[in-house]
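A.B. asks: My questions will all concern the structure given below.
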Amino acid sequence: MSNVLSEEKKQQVIALGKLGWPLRRIEKFTGVRRETAGAYLKAAGIGVRPPGAWGRRAPAKAANEVTTDPADSKPAIEVTTDFSPPIPPPTGNQDRVTSACEPFREWIEQGLGRGRNAMAIWQDLVSDHGFPHGYQTVKRFVHKLRGSTQPQAVGIIHTAAGEEAQADYGSGPMVRDPQSGKYRRTRLFVLTLGYSRKSVRLLIWRSSSRVWAELHEKAFRRLGGCPRIVVLDNLREGVIVADIYDPTLNPLFRDVLAHYGVVAMPCRIKDPDRKGKVEAGVGHAQKTPLKGLRFESLGTTQK
C-alpha cells in the first residue's frame with residue numbers, strides 16, 4: 001500500500017466503503033487518497049467500483065410515440081372573453097384590521113423583543129391563548145412587524161436512512177441551580193439524524209469526555225438505534241488532537257462508539273458546513289422552544 005493509515009482512519013475508510021461510498025467521496029470527506037482507500041477496501045474484501053464505471057449512465061428510454069390523429073385528441077378548453085371588473089388591491093390598514101393577530105399585537109411585540117421567532121410565538125398563542133388559526137397567519141403578521149430578510153443559499157448533504165448523525169454543543173437556557181438557588185447558563189447537546197433531521201436535545205450543567213460519551217448513549221436509546229457514522233466538531237471531549245488529515249479521537253469516546261458499531265468522523269478544520277444539519281438543529285432549539293425562557297430545574301426542560 002502506498003500509505004499506512006492509523007487504525008482510526010482505517011476503520012473510517014472501511015466503514016464508508018461498507019456503506020457503498022465511492023472512492024471520490026471517501027477521499028473528499030476523509031482526506032485519504034483514492035488509491036490508498038481502494039487498497040484498504042480490497043484488503044478488507046470490500047468491492048471497489050472499476051474505473052471504467054465512473055460516470056456511466058443507463059441508456060435513455062425511447063421517446064414516447066405521438067399520434068397526430070385528430071380523433072384521439074381532446075378538444076380545446078373553451079375560453080370566454082367576458083371580463084369582470086378589476087378587484088382593487090387591499091390596503092395596509094385593511095390588512096391590519098382583518099388580521100386575526102391584531103388583538104395580540106402588544107403580546108407579539110413583546111415576544112419579538114425577547115428574541116422569539118414566529119414559530120415560537122404561534123406555539124405560545126395556541127397553548128396559552130387558544131389561538132385557533134394556523135402558523136402562516138402569525139408568520140405574515142410577524143413579517144409585517146419586523147420586515148423581511150433574504151435567505152442565504154446553502155449546500156445540502158444527502159445521506160441514506162440510518163447512515164449518519166451529527167452531534168454538537170450549543171448554549172442552553174438559564175436554569176436555577178439547586179445548590180446555589182441562582183440561575184445558571186446550561187449547555188445544550190443536540191444529535192441530529194442526517195436523513196430525517198430528527199433530533200435529540202439534552203441539557204447539562206458542565207461537559208467532560210465522560211459526559212460527552214454518556215450523552216451519545218442517551219441519544220441512541222431515545223432514537224431506538226444507532227447510525228453508522230457520527231460527524232462531530234473538533235471539541236476536546238471527542239477529539240484530543242485536531243488535524244486536517246489524521247485527528248486523534250478521545251479513547252473513551254472512541255471505545256463507546258465502537259461498542260455500538262459506530263464510527264466517528266471529525267470535521268476537517270475550517271469546514272463547519274459539514275455538520276450544518278446539527279448546527280441548524282441547535283439554532284432551532286435556541287430560537288424556538290428555549291429563547292427568552294427560564295426554567296426552575298433541568299427536569300422541567302426535558303418534558
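The values are calculated or read from the model by the stated rules, or taken from the named source; none is laboratory data. Keep in mind that what you see is a predicted model, and the values were worked out from it rather than measured. Glycine gets a Cβ as well: all are built from the backbone with ideal geometry, and neighbour counts include every protein chain shown.
A.B. asks: Which one is surrounded by the most Cβ atoms within 10 Å (Cβ to Cβ) among residues in region 178-215 that are assigned to a loop (DSSP other than H, G, I, E, B) and of a type in the set (Gly, Ala, Ser)?
C.D. replies: The qualifying residue surrounded by the most Cβ atoms within 10 Å (Cβ to Cβ) is GLY194.
A.B. asks: Pull out all pairs, ordered by first then second residue, where Cβ-Cβ is under 9 Å, the residues are six or more apart or on different chains, the first lies in region 250-268 and is over 17 Å from ARG210 (Cα atoms), and the second is of a type in the set (Val, Ile, Thr) and exposed (fewer than 13 other Cβ atoms within 10 Å of the Cβ).
C.D. replies: Hits for this filter: ARG268/ILE244.
A.B. asks: Restricting to region 216-234, count the residues that are at pLDDT 90 or above, in a loop (DSSP other than H, G, I, E, B) and closer than 20 Å to GLY276 by Cβ.
C.D. replies: 2
A.B. asks: Here's another thing I want to ask about it. Might you check whether a residue that is without any contact (Cβ under 8 Å) to a residue 24 or more places away in the chain, outside the structural domain of GLN110 (by TED's automatic domain parsing), more than 20 Å from LYS28 (Cβ to Cβ) and touching a strand residue (DSSP E or B) at 6+ places or on another chain (Cβ under 7 Å) occurs anywhere in region 277-297?
C.D. replies: No: zero hits.
A.B. asks: Might you check whether a residue that is closer than 20 Å to VAL282 by Cβ, over 17 Å from the mean Cα position of the chain (by Cα) and outside the structural domain of LYS28 (by TED's automatic domain parsing) occurs anywhere in region 176-183?
C.D. replies: no
A.B. asks: Based on what the data block shows, is ALA258 at pLDDT 80 or above, surrounded by 15 or more Cβ atoms within 10 Å (Cβ to Cβ) and either outside any loop (DSSP other than H, G, I, E, B) or not assigned by TED's automatic domain parsing to the domain that holds ALA120 (or both)?
C.D. replies: No; evaluated as a whole, the condition is false for this residue.
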